[in-house]
Amino acid sequence: MASIDESKQFVPLNIAVLTVSDTRVLTDDKSGQTLADRLTGAGHHLAARAIVTDDIEAIRAVIRRWIADAGVDVVITTGGTGFTGRDVTPEAIEPLFEKRMDGFSIAFHMLSHAKIGTSTIQSRATAGVAGATYIFCLPGSPGACRDGWDGILAAQLDYRTRPCNFVEIMPRLDEHLRRAKTKGATV
């Protein structure tokens, strides 16, 4: 079971939050606000926050900009992971992945199943790495965002989590690109 190594120093990350919705604005974006509150409450920095419509090119434009931004370590999206005609977040983002993180979807669905049962299959939560940036795509409900953050991301984005976490491998994510995007964490 995972634990926190108190002898290690917390390493704050720069995390961007993207809400994908045809109907939300910042003032009523409960899911995006849930993520922003949780990540800043954990000690991370909210690097950027935006809302885009359920449009593949609009989603990709923001994600590509954040991938290219050395000030963004992690992107978390909320919304657009369902099955309706307008739900296109996975289609927009998965082609950008250099590596898929299949275990994220599995872990998310395990957590979700414990709370909402078989309705969890109505989500296409996904994750991967692109340009040394972690990208996590969560469903568009505040509950799903709480589950994803509290049950997976809070620990995996904390350098002190043992036996392992995403932060400690960040300096090596872009070794194939020959550039250092992140600093602060060491293996």
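Summary of values
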| read-out | value |
| --- | --- |
| Some residue of region 121-134 being out of contact with any Pro (no Cβ under 9 Å at 6 or more places or on another chain) and either surrounded by fewer than 18 Cβ atoms within 10 Å (Cβ to Cβ) or more than 24 Å from A58 (Cα to Cα) (or both) | yes |
| Residue count, region 142-177 (criterion: surrounded by fewer than 22 Cβ atoms within 10 Å (Cβ to Cβ), among the acidic types (D, E) and either touching a Pro at 6+ places or on another chain (Cβ under 8 Å) or assigned to a helix (DSSP H, G or I) (or both)) | 2 |
| Candidate set from region 62-76 (those that are touching a strand residue (DSSP E or B) at 6+ places or on another chain (Cβ under 7 Å) and outside any helix (DSSP H, G or I)); member that is farthest from G32 (Cα to Cα) | G71 |
| Qualifying positions in region 91-120 - surrounded by 17 or more Cβ atoms within 10 Å (Cβ to Cβ) and within 15 Å of the chain's Cα centre (by Cα) | A92, I93, L96, M101, F104, S105, A107, F108 |
| Total residues in region 27-61, condition in a helix (DSSP H, G or I) and either at pLDDT below 95 or not charged (D, E, K, R) (or both) | 14 |
| Breaking point among (1) under 23 Å from D28 (Cβ atoms); (2) without any contact (Cβ under 8 Å) to a residue 60 or more places away in the chain; (3) touching a strand residue (DSSP E or B) at 6+ places or on another chain (Cβ under 8 Å), for T89 | (2) |
| Hits in region 72-86 - residues which are over 15 Å from the mean Cα position of the chain (by Cα) and touching a residue at least 24 places away in the same chain (Cβ under 8 Å) | G82, F83, R86 |
| Selection from region 77-112 of residues that are over 18 Å from R60 (Cβ atoms), in a helix (DSSP H, G or I) and not aliphatic (A, V, I, L, M) | D102, G103, F104, S105, F108, H109, S112 |
| Subset tally (residues that are in contact with a Lys or Arg (Cβ under 7 Å, 6 or more places away or on another chain) and either of a type in the set (D, E, K, R) or part of a loop (DSSP other than H, G, I, E, B) (or both)) for region 7-26 | 3 |
| Residue in region 113-130 that is of a type in the set (G, A, S), in a helix (DSSP H, G or I) and over 20 Å from F83 (Cβ atoms) present | yes |
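The values are calculated or read from the model by the stated rules, or taken from the named source; none is laboratory data. On a predicted model such as this, the values are computed, not experimentally measured, just so you know. Ideal geometry is used to build each Cβ from the backbone, glycine not excepted, and the neighbour counts take in all protein chains shown.
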